[in-house]
Amino acid sequence: MLVDTHCHVFHEYYEDIDDIIKRARDNGVGAIIVNGYNMKSNREVLELVDKYDIVYGALGIQLEELDDFNDDNLEFISRHINDKKIVAVGEIGLDYHYECDRDKQKELFKRQLEIARKYNKPVIVHSRDCIQETYDILKESSVIGILHCYSGSVDMAFKFIKLGFFLGIGGIATFKNARKIVEVIKDVPLEYIVLETDCPYLAPEPYRGKRNEPFYITVILQKICEIKGLDYKEVEAVTTNSVIRLFDKKIKL
Ligand code: NI
């Protein structure tokens with residue numbers, strides 16, 4: 001069975017969550033990790049994990065939501081991080097693509113890494129246009145997790161792996177102009193790759209530009225098979241096994 005390690009299946013984007021969950025299940029997706037990024041979505045994560053057996057959750061506050069950065073909200077994450085189907089702190093991280101206070105971003109990121117460390121949880125990390133800064137902070141933090149939507153170099157990939165991180169690979173790998181990520185997929189052992197859709201964004205080819213959803217994880221898997229010259233069953237087994245280990249068997253398939 002497959003696991004979508006990073007997605008945002010929220011009512012804000014989907015009116016038909018029941019159908020989306022059904023399509024995922026019908027296509028061999030055994031678990032999806034819905035990542036919060038602000039307080040509204042974090043609260044919805046708690047509802048979704050109760051409602052759907054295949055849904056697991058990650059709680060976090062992301063940079064674009066700096067308004068939600070206060071002690072009470074961080075306390076909310078701490079309070080729920082050991083809830084039954086909450087498996088990680090995420091989505092958290094840094095994004096230098098947007099005009100957004102970088103010191104404040106770093107502080108928010110570090111405070112949430114601290115929560116992960118304290119409760120011994122993996123993190124799901126976003127990093128855009130600041131891979132070195134992300135690495136420097138993670139190196140100091142002694143947490144493990146997933147670098148979601150990995151977009152760095154092959155060298156950098158091995159550095160993150162050494163820290164205990166897996167690379168989240170999604171739709172970008174299927175894009176016609178994808179080069180850097182294809183090199184990463186070729187060179188990095190399959191044991192360090194996990195699958196994600198990041199839906200509703202970044203739908204894989206041939207659905208690029210359309211609404212993304214968890215069952216397209218099958219398309220991403222096929223692309224990895226093509227790049228690495230491996231068969232579907234093998235990539236499925238290895239990537240899912242990595243997820244089970246990372247989340248300490250909290251995800252049941
Ligand atoms: Ni995301």
Under 22 Å from LYS118, Cα to Cα: lysines that are on another chain or at least 8 residues apart: LYS84, LYS85, LYS104, LYS106, LYS110, LYS139, LYS162, LYS249, LYS250
Only helices counted: for the chain, with every DSSP H run of 4 or more residues adding -39500 (n - 2.57) and the sum spread over all residues, [θ] at 222 nm is -13000 deg cm²/dmol
J(HN,Hα) series, the range 69-81, from Karplus relation 6.51 cos²θ - 1.76 cosθ + 1.60, nearest Hz, glycine and proline x: 7, 8, 4, 4, 6, 5, 5, 4, 4, 4, 5, 9, 5
What are the residues whose amide H is under 5 Å from the amide H of ALA31, where those residues sit 5 or more places off or on another chain and H is modelled from the backbone? LEU2, ASP4
Point-charge dipole on Cβ atoms (K/R +1, D/E -1) for the chain, about Cα centre, debye to 20: 840
Over the range 1-110, consider all pairs of different Cα atoms and compute the Kirkwood hydrodynamic radius from their mean reciprocal separation; express it in Å, one decimal. 14.5
Starting at the first residue of the range 32-38, write each ³J(HN,Hα) from the Karplus equation 6.51 cos²θ - 1.76 cosθ + 1.60 with θ = phi - 60°, in whole Hz, x for Gly and Pro. 10, 9, 7, 9, x, 9, 8
Taking placed amide H atoms and a strict 5 Å upper bound, the residues 5 or more places from CYS130 or on another chain that come that close are TYR96
For the range 229-234, in residue order, the Karplus 3J(HN,Hα) values (coefficients 6.51, -1.76, 1.60; θ = phi - 60°; whole Hz; Gly and Pro = x) are x, 10, 8, 3, 4, 5
Mind listing the long-range amide H neighbours of ILE61? Cut-off is under 5 Å, sequence gap 5 or more, other chains count too, H placed in the peptide plane at 1.01 Å from N. none
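Every number here is computed from the coordinates shown, using simple stated rules; none is lab data. Because the structure is a prediction, the values reported are computed rather than measured. Here Cβ is always computed from backbone atoms with ideal geometry, including for glycine, and neighbour counts include all displayed protein chains.
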